[in-house]
Amino acid sequence: MSAYLPLAVPLYGPDFAADPGSVYARLRAFGPVAPVEVSPGVCGHLVTDRDAALGVLNNTDVWSKDPRGWESGLPEDSPVRPMMGWRPNALFNDGAEHRRYRSVITDSFARIESHDLRRQVGEIADGLIQDFASTGEVDLVGQYARPLPLMLFNAMFGMPPEDGPRLVSALGGMFDSTPETATKANADFGQYMTELIGLKAERRGDDLTSWFMDHPAGLGPEELIHQVVLTMAAGQEPTTNLISNSLSRMLSNPDYYSSLSNGAFTARDAVTDVLRHEPPMANYSAHFPRRNVQIGSTWIPADSLVLISYHAANTAPDSEQAGERTDGGAHLAWSAGPHACPVKQPALLITITAIERLTSHLGDLELAVPRSQLQWRPGPFHRALASLPARFGPITPQKTGVTPWSSSPSSSTPPAETSTESPLSSANAGPQPGSYSPAT
Ligand code: HEM
């Protein structure tokens, strides 16, 4: 059921995307929870207070992740269905069912060695950088942060490298596209999944799909597809945003800019800053109360939609003071409770490796427009840049995939300090791209 709430504040559209902070300030005036509209006609409540959020995320007796009671009132073609409609996967189930699905994902990721993951990310990053390195300009969202996690998932799930671009255009095409492109992207993704499952059913490999298939949880064919799709879909958007939001901060702040080569403020500092002040998923963790329940002075009807605002909870005026601590303060960017992100450490490794790889090759990278003029993609759930235009002194791989790189002869810009280093030699010298100790 999607009750209409007369005072509901819209979380879609350009105003929210341009200045979410002022919308959260308005929402906080309602108390710990406020009425919101996530899409025209689809209303619910948004928790903006950190303690109230933890109360929802941890109390499974009262709160369910199963949307079926609520979504029966949602139009079939509602744009929020892809993010909120029930499926047999970890995200939309409770209790033993949830633990079973989740164990497939956590146990399989636990088999991945950090150094292998770092190497894979490095190779994919280098391939993407080589595609634009000689041009001197790049959209770091469209040409780097968005394709990188998908190319990586293509490899991690065991598809040959040449299928990576198919996954990028299929899953990537589902964002920001016209209905026609979205329909085509959906069909292409279906085809990709059929081929992936077929390939691994025939011959297992050292990859996530094979480990999901052979996991003792014994997933059925439909359940298998849903855990693969969930992992790819849940990983794609926030990782893209974590990379690009962090890069946008690093490239617009002289403390980071001047430190790209000398390391006073690190990529990890930027990532920690983003997790706290601009979390890649801004509002999500859809929950549904099993009975009528009160938060603050607001009564929330059973089976109605309640979302958690990680962004508002992290940036509440009182928690901002706690955030002055050197660890950046506690934050909810990964959510909390039984459904908190199960892939936090690998996601950090991927993000930091991707950023360090880029900045080590393109040491003079700078934003092409001031950060204040960057466009943010509308939508209630994410904090996502539409694009991140940047420029740098061009470098040219002498032969694709082979070292060394040199500054482009056509370039009038002096080569960056690191630009003559080869991807391999730079990976082997000094602080390694992706070398970090796990953050919390
Ligand atoms: C390799 C990249 C990633 C993968 C594969 C991944 C996977 C997942 C999965 C499978 C879940 C559902 C867990 C469950 O319901 O038990 C989840 C939840 C979540 N993830 Fe991640 N994730 C990734 C990166 C990130 C990043 C970068 C962020 C943001 C900092 C993030 C934030 C979250 C949040 C907030 C939830 C809770 C969503 C909810 O309960 O509605 N994830 N993730």
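The values are calculated or read from the model by the stated rules, or taken from the named source; none is laboratory data. Predicted model only: the values in this text are computed from it and were never measured. Counting neighbours? That spans all protein chains shown, and the Cβs are built from the backbone with ideal geometry, glycine included.
Anything in the stretch 360-388 that is out of contact with any Phe, Trp or Tyr (no Cβ under 8 Å at 6 or more places or on another chain), in a loop (DSSP other than H, G, I, E, B) and under 19 Å from ARG146 (Cβ atoms)? List them, or say none. Hits for the stretch 360-388 are ALA368, VAL369, LEU374, GLN375, SER387, LEU388.
Applying the condition of being more than 10 Å from the ligand (Cβ to nearest atom) and part of a strand (DSSP E or B) to the stretch 273-289 and asking which residue is surrounded by the fewest Cβ atoms within 10 Å (Cβ to Cβ) yields PHE288. Within the stretch 186-193, identify whether any single residue is at pLDDT below 95 and either surrounded by 19 or more Cβ atoms within 10 Å (Cβ to Cβ) or aromatic (Phe, Trp, Tyr) (or both), and answer yes or no. Checked the stretch 186-193: at least one residue is at pLDDT below 95 and either surrounded by 19 or more Cβ atoms within 10 Å (Cβ to Cβ) or aromatic (Phe, Trp, Tyr) (or both).
What number of residues within the stretch 332-358 satisfy the criterion of being part of a helix (DSSP H, G or I), within 6 Å of the ligand (Cβ to nearest atom) and more than 13 Å from VAL121 (Cβ to Cβ)? Count: 1. If you go through the stretch 64-95 and keep only what is of a type in the set (A, V, I, L, M, F, W, C) and under 23 Å from VAL343 (Cα atoms), you end up with MET83, MET84, TRP86, ALA90, LEU91, PHE92. Considering every residue within the stretch 253-270, establish whether at least one is over 19 Å from VAL121 (Cβ atoms), in contact (Cβ under 8 Å) with a residue 24 or more places away in the chain, basic (Lys, Arg) and within 16 Å of the ligand (Cβ to nearest atom). No, the stretch 253-270 contains no residue that is over 19 Å from VAL121 (Cβ atoms), in contact (Cβ under 8 Å) with a residue 24 or more places away in the chain, basic (Lys, Arg) and within 16 Å of the ligand (Cβ to nearest atom). Of all residues in the stretch 17-66, those satisfying the criterion of being basic (Lys, Arg) and surrounded by 19 or more Cβ atoms within 10 Å (Cβ to Cβ) are ARG50, LYS65.
Where helices (runs of 4 or more DSSP H) sit wholly within the stretch 62-149, those with at least 2 residues that are within 13 Å of the ligand (Cβ to nearest atom) and touching a helix residue (DSSP H, G or I) at 6+ places or on another chain (Cβ under 7 Å) occupy 95-110, 114-132.
Selection of the stretch 40-55 for residues being part of a loop (DSSP other than H, G, I, E, B) and either among the acidic types (Asp, Glu) or over 12 Å from GLY296 (Cα atoms) (or both) yields PRO40, GLY41, ASP49. Might you let me know whether the stretch 296-306 holds any residue that is in a strand (DSSP E or B), under 15 Å from PHE30 (Cβ atoms) and within 16 Å of the ligand (Cβ to nearest atom)? The answer is yes, given that some residue of the stretch 296-306 is in a strand (DSSP E or B), under 15 Å from PHE30 (Cβ atoms) and within 16 Å of the ligand (Cβ to nearest atom). The one condition from (1) more than 17 Å from the chain's Cα centre (by Cα); (2) modelled with pLDDT of 95 or more; (3) of a type in the set (Ser, Thr, Tyr) that THR183 does not meet is (2).
Restricted to the stretch 37-59, and to residues that are in contact with a helix residue (DSSP H, G or I) (Cβ under 7 Å, 6 or more places away or on another chain) and under 24 Å from PHE92 (Cβ atoms), which residue is farthest from the ligand (Cβ to nearest atom)? Per the criteria, the residue is THR48.
Whenever a residue of the stretch 276-287 is over 18 Å from SER246 (Cα atoms) and of a type in the set (A, V, I, L, M, F, W, C), its partners that are near the ligand (Cβ under 6 Å from one of its atoms) and outside any strand (DSSP E or B), lying with C-beta atoms within less than 9 angstrom and at least six residues away or across chains, give the pairs ALA286/LEU91.
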